Structure formats: C-alpha cells, structure tokens
Amino acid sequence: MTYQNIILHYPYSPLGITAPHVAVIQLNRPKVLNALSTDLMKELVNCLNTCDDNPEIHTIVLTGNDKAFAAGADIAEMATSTPIDQIIEQRFKSWTLLGMISKPIIAAVNGFALGGGCELAMSCDLIVAGDTAKFGQPEIKIGTLPGAGGTQRLTRAIGKSKAMWMILSGEMMDAQSALESGLVAKVFPAETLLAEAVEMAKIIATKAPVAIRLAKEAVNKAFETSLKDGMDFERRNFFLTFSSADQKEGMRAFLEKREAIYKGK
Ligand code: DAK
C-alpha cells in the first residue's frame, strides 16, 4: 500500500547503515503540523499492522518532524462534525486498533504533541522526547475535552493534580517537566532524538521477541487491573516464556558466557 499521510522507513538506513529489525513510521502532514485526519489514522493503523505482521520487524519507532509530532486531531475535519458523523465514520476505531499492536512502539516526540497528538504518543509503549518537545491537552481552549484517552492516560502518567491542571487550563508541559513527571522515559537534544530512539529500539530488538511481547502485554495490564489480577497475569506470561525455545537459549547462553541467538520461537 502507498501512504499519503505517513512514511514507512523500513529497512531504516540513515547514512547507509541499517538498523536491524527496526521500522520507523513518520507522520507526514507537515503543513498542518501532522494533524491527525481520519485518513492519516487509518493509514497509520494499516502500517502498524503491516509491521506487526512482519516477523523481521521487532520494534517500531513512531515520529513526526522537528516542529510537531502531531498537533492533535484535524480541527478542520472535526469542526462541523456531529456525533452521528463520528459514529458513522468510526473515527474511534483506529484508536482502538492501535491498542492491539503486539510489538513495542516507541514514540519519538519533537515539537508539539497536543490533543490527539499527546494521546497518540501516550498510546505508544513509551515516549522519548527532544528537549524542545511540548505536550498538552488543549481541547478545552476549543470548547471540548480530550476524547482519545487523554483524561485517563495523562492522569495515570503524571497524577491527578498535574493532569487536571493541564486539561482544565490547556497549558503545555515542556520536555523536562514531562521527564520529571514520568510522562516520558528520556529526553535527548532535539537533533539527535530520532537516532537515540532508534538506538533504544535496536536494544529492544535484540531481545527474545516472544518475551518482549509478553512483557509489553503485562506492563500494559498494570493500567487495567487490580494488583492481584495483574500479578496473576504476569505470572502466566512468565510461565509461558518457559515454553519458548528462546528462554532455553537465553539461559543456556548466559551459562555458556556467550551471546544468545534468538529465533523468535
Ligand atoms: N488541526 C488542523 N490544522 C492544524 C492543527 C490541527 N490540530 N494544528 C495546526 N494546524 C494548522 C494551522 O491551522 C496552520 O495552518 P495554516 O494557517 O498554515 O493553513 C498550520 O497548521 C500551522 O499552525 P500555526 O500557524 O497555528 O502554527 P503556530 O506555530 O503558530 O502554532 C500550535 C502552533 C500547535 C500552538 C497551534 O497550531 C495550535 O494551537 N494548534 C491546535 C492545537 C489543538 O487545539 N489540538 C487539539 C485538537 S482536538 C477522538 C480522537 C482524537 C481526538 C478526539 C476524539 N475520538 C477517537 C473520539 C482529538 C482531538 C484533538 O486533538
């Protein structure tokens, strides 16, 4: 499939050096700060599914450009829509499908991650930011409120008071505060952000793919269950790794003091 609103870089080979098993997806509507139109979201989910289905790809980096990761849903598209339009067009469907990708997705955020852009970053498995990044849920300034998980995910990420302030005021949070609040995992100079995110993706990509998927699933479960149910879920996934060839290989390699060679089985 050819994409109009995103670019898939796979293999990802900056300067001719390939990052093995890493795909980079770039949001590409620069004139409107990567506003998340319905078409863009459909393409993104389609592309993520393609990456998820490709056994050669282990980790995905989602990024924008220097000015914006994404400045939110496309306001021009949304401004006159009715609730019924939104139901008929199933705008929420792409957002639901995002949560079904089994491989780790790193959001690499430079510039604005606002509204749906912030929600998209938070829908990924972890966020890294350039030092000029700005996060926000400014929907209140245009007469509405977050609709793709912002009230829930931001609150879980940074706590009630900070999230409440951002959502009720529409004020943005800079990269350093996002780091201190736990919204992002790391901050890098804006110019090297993508390279650093790809390095992180490469580290994840060297690990046993089945264990990575099960670990991602277990961490994400922490947001949806009680501690007891989450621990039970973790234990089952832990046991499950012991039916993989990669667990045997990983532990054997440790004991033999060599690098493990994982087969993804
Ligand atoms: N939509 C459409 N166009 C946008 C846009 C957006 N979100 N953000 C920026 N643009 C366009 C601007 O209109 C402008 O276009 P031209 O005038 O050049 O034609 C161009 O991008 C450059 O923007 P500015 O000229 O405004 O650039 P500045 O540097 O001056 O300002 C800014 C940058 C990010 C502060 C500003 O553009 C801004 O405030 N943008 C809007 C941010 C915003 O309010 N975002 C939240 C949108 S609501 C849901 C799923 C998702 C959502 C809800 C429900 N369901 C599944 C149910 C999400 C909702 C939202 O995100």
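The values are calculated or read from the model by the stated rules, or taken from the named source; none is laboratory data. From a predicted model like this one, the values you see are computed outputs, not experimental measurements. Glycine gets a Cβ as well: all are built from the backbone with ideal geometry, and neighbour counts include every protein chain shown.
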May I ask you to list the residues in segment 172-184 that are surrounded by fewer than 14 Cβ atoms within 10 Å (Cβ to Cβ) and not in a helix (DSSP H, G or I)? Gly182
Out of Leu168, Leu145, sole residue that is exposed (fewer than 15 other Cβ atoms within 10 Å of the Cβ), among the aliphatic types (A, V, I, L, M) and not in a helix (DSSP H, G or I): Leu145
Restricting attention to segment 49-70, the residues that are away from the ligand (no atom under 16 Å from the Cβ) and not β-branched (Val, Ile, Thr) number exactly 8
Sole exception among (1) of a type outside the set (Phe, Trp, Tyr); (2) more than 13 Å from the chain's Cα centre (by Cα); (3) surrounded by 14 or more Cβ atoms within 10 Å (Cβ to Cβ) for Ser81, by number: (3)
Going through Ala208, Ala215 one at a time, which residue ends up being modelled with pLDDT of 95 or more, more than 16 Å from Ile127 (Cβ to Cβ) and touching an Asp or Glu at 6+ places or on another chain (Cβ under 6 Å)? Ala208
Given Leu36, Leu27, Leu15, which one is modelled with pLDDT under 95 and of a type in the set (A, V, I, L, M, F, W, C)? Leu15
